[in-house]
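Novice: Quick one: this structure, given as structure tokens, is what I'll be asking you about.
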Amino acid sequence: MKKHLFFVAAAFVTMAAFTSCDKVDNPGSPVGPVRVLTFEDADWKAGTNYVGQQSWSSLIDSKQYGGELLYPADEDATIYQWADLGNTYLAHEFTNGYMDKAYWGGGHAVSNYISEDYTKVSYTQQLEIPAAAGHNGSKNFCVHNGYASYPGAVLPAIYFADGAERVIDHMFVINTSYTLNDMTNEYSTFKKDEDWFKIVATGYDKDGKQTGVTEFFLAKDGKFVTEWTKFDLSVLGKVQRVEFDMQGSCVNQWGLSTPAYFAYDDVAVQF
């Protein structure tokens, strides 16, 4: 039976919303206090997660491809999910795009896998980044997989588990090692000086009305994002949910041919 453990203890959610506000530098914003989703165990405030643990690291699968968390064999397994309760209240669960609860159907997986030399990385190392660590030297981060492969496809999203609307100020993003290798190896169909690859983020309010769209290029004009870079999401305004799509110029008869991944870390929310 599918279980959702985000929406528990409504009283706790309401009370905690007023007790966990940290001030972080936020240049250019009229709202100074923000809370940051870091994916670090030291910042875990959410109680017990869906695997029965109290840490972000417990949500990192033992295998990047084929592990039991990201690719459950049991049809009654709980779908992969996380929620930053007690802090930003941002949450996510896999899209279940192929009705098997697996990562290949689209989702955001917590990771700590790195591979600074991305030249030989394949899909079996899909959770690796070409950096020495997460943003600002941290251990953990999150990896997006999925794109609008057909009209009406469900896109991976982050949303506020308490139903509130807030401004997501920014996140830090980077290409994954697998995607970089695919775009730059000698057999790639991706033309360095011609093709492009980007993230498209779309915000929605609590009524499902679109609040705005913004984008971030991970590859363009012969340049590739190989270090953590700030992606401004404040232009979306107050949102209840943000969906992420991957788009690119390198396509084939099945759609986007560039692997639809990016990694993100340190998601800042205005309070």
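Novice: Please identify the GluC sites (Glu not before Pro) of the range 153-207 that satisfy two criteria: DSSP loop assignment and at most 12 other Cβ atoms within 10 Å. Which are they? Before the final figure, lay out each step's value.
Specialist: On the way: sites: 165, 186, 194; in loops: 165, 186, 194.
In loop regions of the range 153-207 (DSSP not H, G, I, E or B), the sparsely surrounded GluC sites (Glu not before Pro) are 186, 194.
Novice: Contact order normalised by length for the range 107-168, with contacts defined as Cα pairs under 8 Å and 6 or more residues apart; what percent is it?
Specialist: Numbers: 68 pairs, mean separation 20.7, N = 62.
Taking the mean separation of contacting Cα pairs over the length of the range 107-168, I get 33 percent.
Novice: So who's got an amide H within less than 5 Å of the one on residue 80, skipping anything under 5 residues away but keeping other chains? H placed 1.01 Å off N, in plane.
Specialist: 94
Novice: Normalised by the number of residues in the chain, what is the relative contact order in percent for Cα pairs under 8 Å and 6+ residues apart? Display every interim value, and only then the final one.
Specialist: On the way: 661 pairs, mean separation 56.1, N = 271.
It rounds to 21 percent for the chain.
Novice: Something else: Computed over the Cα atoms, what is the radius of gyration of the range 109-202 divided by 2.2 N^0.38 Å, N being its residue count?
Specialist: Scaled against compact globular proteins, the figure is 1.24.
Novice: With no solvent and one equal point scatterer placed on each C-alpha of the range 142-271, evaluate the Debye formula and give log10 I(q)/I(0) for q = 0.11, 0.19, 0.23 Å⁻¹, two decimals.
Specialist: Evaluating at q = 0.11, 0.19, 0.23 Å⁻¹ gives log10 I(q)/I(0) of -0.39, -1.06, -1.39.
Novice: Can you pull the accessible area of residue 271 for me, 1.4 Å probe, Å² to the nearest 10?
Specialist: Number for this one is 60 Å².
Novice: Going from the alpha-carbon gyration tensor of the chain, what semi-axes, largest first and in whole Å, does one get by taking the root of 5 times each eigenvalue?
Specialist: Details: eigenvalues 159, 93, 66 Å².
Ellipsoid semi-axes (Å, largest first): 28, 22, 18.
Novice: Next up: In whole percent, what relative contact order does the range 122-252 give with Cα contacts below 8 Å and a gap of six or more residues? Walk me through the numbers before you get to the answer.
Specialist: Values: 251 pairs, mean separation 43.9, N = 131.
So the answer I get is 33 percent.
Novice: Sticking with this one: Mind scanning 139/192; 63/198; 63/223; 191/220; 198/230; 45/230 and naming the pairs with a C-alpha gap bigger than 19 Å?
Specialist: Values: 139/192 31 Å; 63/198 27 Å; 63/223 31 Å; 191/220 10 Å; 198/230 14 Å; 45/230 25 Å.
In this structure, 139/192; 63/198; 63/223; 45/230 lie more than 19 Å apart at Cα.
Novice: Counting only other residues whose beta carbon sits under 13 Å from that of residue 244, what net charge do I get with K and R as +1, D and E as -1? Each step should come with its number before you reach the end.
Specialist: Working: positive: 198, 241; negative: 215, 243, 245.
That works out to -1.
Novice: If you don't mind, there's one more thing I want to ask. For the range 75-80, just list the computed ³J(HN,Hα) in residue order, Karplus coefficients 6.51, -1.76 and 1.60, θ = phi - 60°, integers in Hz, with x standing in for Gly and Pro.
Specialist: 5, 9, 5, 6, 5, 4
Novice: To the nearest 20 debye, what is the magnitude of the charge dipole of the range 59-182 about its Cα centre, counting +1 on the Cβ of each Lys and Arg and -1 on the Cβ of each Asp and Glu?
Specialist: On the way: 5 positive and 15 negative charges, 55 e Å.
So the dipole magnitude of the range 59-182 works out to roughly 260 debye.
Novice: Taking Cα centroids, how far is the range 38-102 from the range 201-271 in Å?
Specialist: The range 38-102 and the range 201-271 have Cα centres spaced 21 Å from each other.
Novice: So what's the net charge close to residue 72: Lys and Arg +1, Asp and Glu -1, counting the other residues with Cβ under 10 Å from its Cβ? Write out the running numbers ahead of the final one.
Specialist: Details: positive: 101; negative: 68, 74, 75, 76, 100.
With Lys, Arg at +1 and Asp, Glu at -1, the net is -4.
Novice: Per residue of the range 243-257, in order, report the coupling 6.51 cos²θ - 1.76 cosθ + 1.60 (Karplus, θ = phi - 60°) as ³J(HN,Hα) in whole Hz, putting x for Gly and Pro.
Specialist: 9, 10, 10, 10, 10, x, 8, 8, 10, 9, 5, 9, x, 4, 9
Novice: For the range 60-112, what does the equivalent ellipsoid look like in terms of its semi-axes, each the square root of 5 times an eigenvalue of the Cα gyration tensor, given largest first in whole Å? The partial results should precede the final answer.
Specialist: Numbers: eigenvalues 76, 33, 19 Å².
Equivalent-ellipsoid dimensions as semi-axes: 19, 13, 10 Å.
Novice: Under the rule of at least 5 residues apart or a separate chain, name every residue whose amide H is placed under 5 Å from the amide H of residue 40.
Specialist: Under 5 Å from the amide H of residue 40 lies no amide H from a residue far enough along the sequence or on another chain.
Novice: Explain nothing, just compute: Karplus ³J(HN,Hα) = 6.51 cos²θ - 1.76 cosθ + 1.60, θ = phi - 60°, for every residue of the range 196-201 in order, whole Hz, x for Gly and Pro.
Specialist: 9, 8, 8, 9, 10, 10
Novice: What is the local net charge at residue 138, summed over the other residues whose Cβ is closer than 9 Å to its Cβ (Lys, Arg +1; Asp, Glu -1)?
Specialist: Details: positive: 139; negative: 40, 265, 266.
With Lys, Arg at +1 and Asp, Glu at -1, the neighbours total -2.
Novice: Which residues among the range 251-271 fall inside the zone where the amide N is under 17 Å from a point 7 Å beyond the Cα of residue 42, along Cα→Cβ?
Specialist: Only 266-267 fall inside the zone, counting backbone N under 17 Å.
Novice: Ok, one more. Taking a probe of 1.4 angstrom, what is the accessible area of residue 166 in Å², to the nearest 10?
Specialist: Approximately 30 Å² for this residue.
Novice: Can you find, among 47, 134, 179, the residue sitting farthest towards the positive end of the charge dipole of the chain, where Lys and Arg contribute +1 and Asp and Glu -1 at Cβ?
Specialist: Final value for the positive-end residue is 47.
The values are calculated or read from the model by the stated rules, or taken from the named source; none is laboratory data. Model, not experiment: these values are computed from the prediction. Every residue, glycine as well, gets a Cβ built from its backbone with ideal geometry; the counts of neighbours run over all protein chains shown. Heavy atoms of the whole protein, side chains included, go into the accessibility calculation; ligands, DNA and RNA do not. Shrake-Rupley method; radii C 1.70, N 1.55, O 1.52, S 1.80 Å.
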